[in-house]
1. Between beta-carbons, use under 11 Å as the cut-off and find the net charge around residue 44, counting Lys and Arg +1, Asp and Glu -1.
2. Just to confirm the number: angle between the C-alpha axis of helix 294-308 and the first principal axis of the chain, 0 to 90 degrees, nearest 10?
3. Would you mind pulling out the separation of the Cα centroids of the range 84-153 and the range 165-221, in Å?
4. Please express the shape of the chain as an equivalent ellipsoid: the semi-axes are the square roots of 5 times the eigenvalues of the C-alpha gyration tensor, given largest first in whole angstrom.
5. Relative contact order of the range 1-113: what whole-number percent is it, with Cα pairs under 8 angstrom and at least 6 residues apart?
6. When the label point is put 7 Å from the Cα of residue 306 along its Cα-to-beta-carbon vector, which residues of the range 348-368 have a backbone N closer than 18 Å?
7. Using the Cα centre of the chain as the reference point, and only Cβ charges (+1 on K/R, -1 on D/E), how large is the resulting charge dipole? Debye, rounded to the nearest 20.
8. Please give the FRET efficiency for residue 86 paired with residue 239, using the beta carbon to beta carbon distance and R0 = 25 Å, rounded to the nearest 0.05.
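Read-outs throughout are calculated quantities, based only on the coordinates presented, and are distinct from any laboratory measurement. Treat the numbers as computed from the prediction; the structure is a model and nothing was measured. With ideal geometry, Cβ positions are generated from the backbone for all residues, glycine too; neighbour counts draw on all protein chains shown.
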Amino acid sequence: MRRDEARRATIERRFSEFAREFGHLPLYGRLARELSQDGEAAGLLLAAQPGQDRPVLWFAALHDLVLQRPDLPAARWYPSVVGHGHVASGDPWPDVRDTVLAHREELTATIATHTTQTNEVNRCVYLAAGLAAATRDRSADAADSIALVELGASAGLLLGIDRYAVMLTRDGHGSVAGDPGSPVRCAGADRSRSAVRIEPLPRITGRAGIDRAPVCPDDEAGVRWLSACLWPDVPGRVERFRAAVDVMGQRPPPLVRGDLVDDLRVVVAAARADEPSTSHVVVFSSWALTYVEASRRAELDDRITALGGELPALSWLTAEPRGAAPGLPGPEAARPDAGGTVLGLRRWRDGVEDQPMVLGMCHPHGDWIDLVPLPSG
């Protein structure tokens with residue numbers, strides 16, 4: 001009993017922290033404030049798997065329910081269900097709480113059997129910046145192509161970065177990487193001291209992702225869950241996701257069902273299958289390692305280091321919360337006042353690791369980047 005009480009207190013605290021950080025959100029900010037003081041409703045997260053008892057899973061479970069049941073009272077508060085111009089006005093909490101308590105068993109089952117999976121396609125903004133940093137030391141010929149590997153890939157939508165229009169704006173001007181005519185539009189602001197260049201992207205000759213529960217574009221329930229993990233009251237997120245599913249569904253990348261530590265070599269081989277001569281492998285993750293136990297992160301570090309000793313060129317690009325990516329210097333090197341997500345880079349060239357780098361900070365969903373000048377060489 002005491003353990004559940006302690007967990008419940010932790011859950012309520014996490015909702016309070018979410019409310020402070022994202023209080024500007026008209027739906028999720030409001031709900032988080034209420035849930036931080038409502039142990040009965042917030043307590044559904046007690047059913048979550050280890051490490052998953054976080055506000056985003058609670059929100060995803062309810063979002064998934066209203067996407068399936070647009071007739072429920074809570075559904076009228078979701079732009080993803082009724083459209084941005086038709087959301088109800090007033091206080092959403094009474095409808096939401098009534099819906100949650102009336103469907104407690106269904107929501108608890110979802111929370112117990114699902115994990116947070118996101119494919120926020122706008123993360124391609126900082127992925128593009130990271131790819132530029134990862135390939136800048138390569139000669140023109142060698143940097144012409146990469147094999148791209150994503151750890152924690154969900155539906156593998158970020159692997160299609162070159163099939164989207166990715167815009168980075170600064171002082172009213174923008175540069176576009178990828179396909180300028182794509183229906184998938186990603187955009188972020190460059191807050192860096194010096195302008196960051198993201199175009200052209202390196203040529204991607206192979207790509208593959210790994211996930212414990214990968215989602216194919218034609219898996220209706222799986223795609224709906226990924227959509228439910230998005231925040232509906234952020235304009236454009238759900239629409240961009242649906243457009244990316246359509247684009248990637250035409251040529252889906254290989255997705256390996258497995259463990260990102262144990263099956264690392266399997267997914268790297270899958271990315272290089274069509275072009276085994278590709279000399280540069282880029283492995284990346286975005287908000288995936290934070291859900292991996294610290295001991296397993298250390299094991300992943302060992303396995304990537306071993307792989308770096310064998311390949312001509314390996315880059316490990318991470319966009320994770322502070323402390324989640326192993327082997328990086330402290331984030332104070334990247335203007336700690338900036339907040340957000342730490343963008344890190346580790347590189348192996350001819351079997352030897354270069355000095356690990358914190359490239360800077362970025363918004364977790366790619367709304368902005370704030371990178372430090374890279375060292376020469």
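1. Working: positive: 8, 104; negative: 38, 40, 53, 105, 106.
Local net charge: -3.
2. 20 degrees
3. The range 84-153 and the range 165-221 have Cα centres separated by 14 Å.
4. Working: eigenvalues 247, 96, 84 Å².
Taking √(5λ) for each eigenvalue gives 35, 22, 20 Å, largest first.
5. On the way: 126 pairs, mean separation 29.8, N = 113.
Relative contact order for the range 1-113 comes out at 26 percent.
6. Answer for the range 348-368: 348, 351-353.
7. Values: 42 positive and 51 negative charges, 86 e Å.
Using only the charged Cβ atoms, the result is roughly 420 debye.
8. Working: r = 15 Å, r/R0 = 0.59.
FRET efficiency, residue 86 to residue 239: 0.95.
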